[in-house]
Amino acid sequence: MINITLPDGSVRQYKKGTTSLDIAKSISEGLARKVLSASVNGQVWDAARPITGDATLKLLTWNDADGKNTFWHSSAHLMAEAVETMFPGVKFWVGPPVENGFYYDMDLGDKKMTEEDLTALEKKMNELAKQSNSYIRKEMPKSEAVKYFTEKGDEYKLDLLQNLNDGEITFYTQGNFTDLCRGPHIPNTGFIKAIKLMSIAGAYWKGDEKNKMLTRLYGVTFPSQKELDEYLQMLEEAKKRDHRKLGKELGIYTLDDDVGPGLIMWLPNGTVMIEELEKLAKETELEAGYKRVVTPHIAKESMYITSGHLPYYAESMYPPMEMEGEKYYLRSMNCPHHHKIFAATPKSYRDLPYRVAEYGTVYRYEQSGELFGLMRVRCLHMNDAHIYCSKEQFNDEFRAVNDMYLKYFKIFGIDKYVMRLSLHSKEKLGIKYVNEPELWLETEAMVRNVLKESNIPYVEVQDEAAFYGPKIDVQIWSVIGREFTLATNQVDFSQGRSFKLQYTTADNHTETPLIIHRAPLGTHERFIGFLLEHYAGKLPLWLAPVQVKVLPISDKFLDYAKAVSDKLKKADIRSEVDDRNEKIGKKIRDTELLKVPYMLVVGEKEMNENKVAVRRQGKGDAGVKGVDEFIAEATAEIKERRAE
RNA sequence: GCCGUUGUAGCUCAGUGGUAGAGCACUUCCUUGGUAAGGAAGAGGUCAUGGGUUCAAUUCCCAUUAACGGCUCCA
């Protein structure tokens, strides 16, 4: 007999070789029907795999991340089985579960898969699922596995085998499909009740663009049709929040083929948002001791050789233009210009920390396939500033920048993000990163130290630093799940030296300052794209391009409506009058759809009493108020930058 | 940059080897209305661009371009 410890701490005795599924059945039949896999001594196992010794056991269902992953991974095998029936000779690479479903990468040889094939594949999968074929695990010696795939001519699985040791090689078979796989899998295909194949995409083998492009098939499955329907419904909802859709509907920005890809033109409504963000940033930075500067958007080649941009970053810059025998580049960053400002006058330790801010545009030649609405563009407004400080000041300065992020995040109610400490990679010193091994380690330790002292949760990632130093990126996700860096805070030990930046210390020698590059709001493009999705277009009053729309009941009250609107404008409230010849219901509907925060309905009653009938977007009638009373309330809401 | 899909009116989208349609928006007129769509008429399109096939191409083929879904990249 063996002792099985359950999550509640209870210990039960079972026969040696009993399975998790048997144990589930001994608890309840209902539970057994839901068990997808099991965590046995912390390892995820097939529910049907015999347990041969004492173990702590957690039965995994759809509600456990690992259970779900088992389900989706098994679904990938089911999909592969269906693909193999329709595309004989297909070779498979890997088929892991992902955040919302699973994919399988495959080499279809000279065959092509089209969107039309997806329906047929789904049908086939449903058919195979209904057969409730068990997923059968089989261990195999490496030599035998190598022989099997050599005969089959499957270079992909042979490649996988290279990294596996004898004794840890397992195969899984369901129905007529066998795959090299470490598992685990769900008991049988009958658990998969609802199937949706999402898309066909290309993906480089092993994620390396030098390798062959494989066909990647994405799918998602659920234990019931209802859950699939809900998921698809959720995707529809997410689409409504997509900043590209909202950006168009709300008149925020536009693109034009004649201007060029990734070059955003801000419409009047979007420009209001930019100005409000800059106002917030200027206020905040003034308080934090920053000075504002303005610099040109181009510079000579020599400066970008000094800065390191051309050696390390040329591919992402627009090609140069030539004038008077001199090459000029559009800037991809503001920092070199700011270094020149630092260098313009001699600095002493008394001038440090020296903080300069500028929200000028920079230009980056992003790969065409990477452009994405406002989130990835070729002309961007950085919320940029550079801090020049001594080593001793670094901690306080870096911490103050982090605090600034957090202050902004509070204003915007941003709580879903990840701070990533991005480090260099030793192997790429001199290629992707300036070749200063000790300085890298030293500054990375400094940054890590600040994060720890401030109790800021973070994750460390290798090989993601800037070429001049380590950084902290704040990661967010767009509504459709794409990952983006919202804000960034970087240390630079390199450019100060290359620009020969110096200050005189208290004991009268010269020292090179450390530089902090920071953009707590990232770029205005990305930040506004993010905000549109974050608020689903329902912007807080202070950010809303049109804050108030005055809606006269009929033309008779148009003059009064205009008078009210003028009064609001005088009080710095962005107000418009809906003077169309429409019924009030229509005016309200259209204004609701434009997500204007306040509607002021005015008719005979209001006119006679110098009042307005207030309506809050999405909330309906909020009662009648005096005009001055409304102005006072709205002004307070704006001034405090209240979320609502 | 790579793989795949798409490009028809300002927007959302039908449609066709014989030079195009709907709804919304827009203009004008009627209507002057109390909290999410009043009525009528009208205007608006080199069917992304360039080639090819054809008696004839918006439709079929090729190239280019842009957007979209991924991959790769990303200061």
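The values are calculated or read from the model by the stated rules, or taken from the named source; none is laboratory data. Since the structure is predicted, the reported quantities are computational estimates derived from the model, not experimental observations. Note that each Cβ is placed from the backbone with ideal geometry, even for glycine, and that neighbours are counted across all protein chains shown. Just the protein is used for accessible areas: all its heavy atoms, side chains included, with ligands, DNA and RNA removed. Shrake-Rupley method; radii C 1.70, N 1.55, O 1.52, S 1.80 Å.
Brief remarks follow.
- Cα principal axis extents for the range A:407-509, largest first, Å: 51, 35, 23
- Evaluating 6.51 cos²θ - 1.76 cosθ + 1.60 at θ = phi - 60° for every residue in the range A:184-190, the Karplus couplings come out as x, 10, 6, x, 8, 5, x Hz, glycine and proline recorded as x.
- According to the Cα-based calculation, Rg over Rh for the range A:264-393 is 1.00, with Rh computed by the Kirkwood formula.
- For chain A, the equivalent ellipsoid derived from the alpha-carbon gyration tensor has semi-axes of 51, 38, 25 Å in decreasing order.
- Enclosing the Cα atoms of the range A:390-450 in their convex hull gives a volume equal to 103 cubic angstrom per residue.
- Computed lengthening from A:Thr635 to A:Val259, 0.36 nm per intervening residue step minus Cα-Cα distance: 131.5 nm
- Helices in chain A, meaning DSSP H runs of at least 4 residues, each add -39500 (n - 2.57). Divided by all residues, the mean residue ellipticity at 222 nm is -11000 deg cm²/dmol.
- Among A:582-589, A:336-343, A:634-641, sorting by the average number of other beta carbon atoms lying within 10 angstrom of each residue, highest first, gives A:336-343, A:634-641, A:582-589.
- Along the axis of the charge dipole computed for the range A:43-187 (Cβ charges of +1 for Lys and Arg, -1 for Asp and Glu, origin at the Cα centre), the listed residues A:Gly101, A:Thr173, A:Met113 are led at the positive end by A:Thr173.
- Using equal-weight Cα scatterers in the Debye expression, the normalised intensity of the range A:66-238 in log10 at q = 0.08, 0.13 Å⁻¹ is -0.24, -0.63.
- Nearest-ten-degree value, helix A:558-570 long axis tilted from longest Cα axis of chain A: 90
- Kirkwood Rh in Å, taken over the range A:2-61 so that all alpha-carbon pairs contribute: 11.0
- Value of Rg/Rh across the range A:548-639 [Cα atoms, Kirkwood radius]: 0.92
- Kirkwood radius and radius of gyration were both taken over the C-alpha atoms of the range A:1-124, and their ratio Rg/Rh is 1.12.
- C-alpha long axis of helix A:65-86 to longest principal axis of chain A, angle in °: 70
- Rg/Rg_ref, the range A:473-606, where Rg_ref = 2.2 N^0.38 Å and atoms are Cα: 1.77
- The range A:96-158, Cα convex hull volume normalised per residue, Å³: 152
- Protein accessible area in the range A:2-61, 1.4 Å probe - carbon and sulfur %: 50
- Taking all pairs of distinct alpha-carbon atoms in the range A:253-534, Kirkwood radius in angstrom: 19.5
- Per residue accessible area of chain A, 1.4 Å probe, in Å²: 48
- Here the range A:484-528 and the range A:553-581 have alpha carbon centers that stand 48 Å from each other.
- Compared with the dominant Cα axis of chain A, that is its longest principal axis, helix A:437-453 is turned about 80°.
- Space enclosed by the convex hull of the alpha-carbon atoms of the range A:135-214, per residue, Å³: 126
- Between the range A:222-296 and the range A:78-115, the alpha-carbon center distance in angstrom: 36
- Where chymotrypsin sites (Phe, Trp or Tyr not before Pro) fall in DSSP loop in the range A:69-113, at most 14 other Cβ within 10 Å: none
- For A:Lys416, the lysines whose Cα comes closer than 18 Å to its Cα, not counting residues fewer than 8 places off in the same chain, are A:Lys407.
- Whole-percent P(r), the range A:194-336, all Cα pairs, 5 Å bins from 0: 2, 7, 8, 8, 10, 13, 16, 12, 10, 7, 4, 2, 1, 0, 0.
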